[in-house]
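One structure below.
The values are calculated or read from the model by the stated rules, or taken from the named source; none is laboratory data. Values in this document were obtained by computation on a predicted structure and should not be read as measured data. Counting neighbours? That spans all protein chains shown, and the Cβs are built from the backbone with ideal geometry, glycine included.
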Amino acid sequence: MSMLSKLDDIDKSIIKILQDDPGITHSHIAKTLNRSQPAIGARIKKLTEKGILATQIGVDFSNSEINSSLNLVKVEMSTTRPEDVFAMSNTCPYIINALKISGEYNILMFMACSSLKRLDTILDRHFRNKDFVRKIRMDLITSYAHPFILPVNFDTENFDHPDDPCSETTCPSCELFMSQKAAEVKK
């Protein structure tokens with residue numbers, strides 16, 4: 001039986017309340033559900049420990065001010081080596097997440113940067129020139145039906161010079177990726 005099917009109505013209510021208002025107190029949830037605060041706290045702890053309930057801190061891309069200064073793109077890729085794409089996603093700070101999916105395009109990535117040119121350069125340098133990448137499609141996400149919160153690496157983002165490209169000689173993430181690939185080849 002799946003973990004989600006074992007949730008009772010109280011657990012489902014707690015999750016819904018927290019999704020609607022992540023900052024709500026346990027006491028307020030307890031009052032809403034006619035339960036004690038320690039009972040609600042224990043349930044939240046259990047849901048978190050089981051990996052059912054999680055918190056994502058990040059930037060809300062649906063905020064129009066954020067959306068006007070930070071580009072979020074969806075990148076679909078057809079590749080014969082998704083593990084190499086995942087390896088790069090672990091080192092490149094512009095790749096927010098990579099997912100393996102079914103269909104013609106088997107990788108879906110979310111990338112964010114103040115410069116579309118830089119994102120395109122990263123795709124050129126690390127993916128488009130690889131023989132294991134058959135196709136890439138990049139689409140700018142322009143609006144959101146609901147809040148869309150994702151982590152962003154502000155240490156790497158260069159808002160002062162948004163057209164500076166990622167470079168294997170100046171980017172620690174690119175250097176790390178290249179050294180990992182070199183080590184794998186030596187094995």
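In this structure, is LYS135 exposed (fewer than 14 other Cβ atoms within 10 Å of the Cβ), farther than 29 Å from THR55 by Cβ and at pLDDT below 75?
Criteria not met by LYS135.
Residue by residue through the range 75-91, note down the ones that are in contact (Cβ under 8 Å) with a residue 12 or more places away in the chain and under 12 Å from the mean Cα position of the chain (by Cα).
SER89
Could you grab me the full set of residues in the range 79-97 that are among the hydroxyl-bearing types (Ser, Thr, Tyr) and either out of contact with any Ser or Thr (no Cβ under 8 Å at 6 or more places or on another chain) or more than 13 Å from PRO151 (Cα to Cα) (or both)?
THR79, THR80, SER89, THR91
Picking from ASN63, ASN90, ASN129, which residue would you name as being polar (S, T, N, Q) and within 20 Å of SER143 (Cα to Cα)?
Exactly one residue qualifies, and that residue is ASN63.
Under 9 Å between Cβ atoms, which residue pairs at least 6 apart in sequence (or on different chains) link something in the range 54-74 that is touching a residue at least 60 places away in the same chain (Cβ under 8 Å) with a partner that is part of a helix (DSSP H, G or I) and buried (at least 18 other Cβ atoms within 10 Å of the Cβ)?
Close Cβ pairs satisfying both conditions: PHE61/ASN67; ASN71/LEU119; VAL73/LEU119.
Please state which one of ASN97, ASN129 is exposed (fewer than 13 other Cβ atoms within 10 Å of the Cβ) and free of Cβ contacts under 8 Å to residues at least 24 places away in the same chain.
Values: ASN97 fails: free of Cβ contacts under 8 Å to residues at least 24 places away in the same chain.
Exactly one residue qualifies, and that residue is ASN129.
If I filter the range 35-81 down to residues being surrounded by 13 or more Cβ atoms within 10 Å (Cβ to Cβ) and among the β-branched types (Val, Ile, Thr), which single residue comes out as farthest from ASP20 (Cα to Cα)?
The residue in question is THR79.
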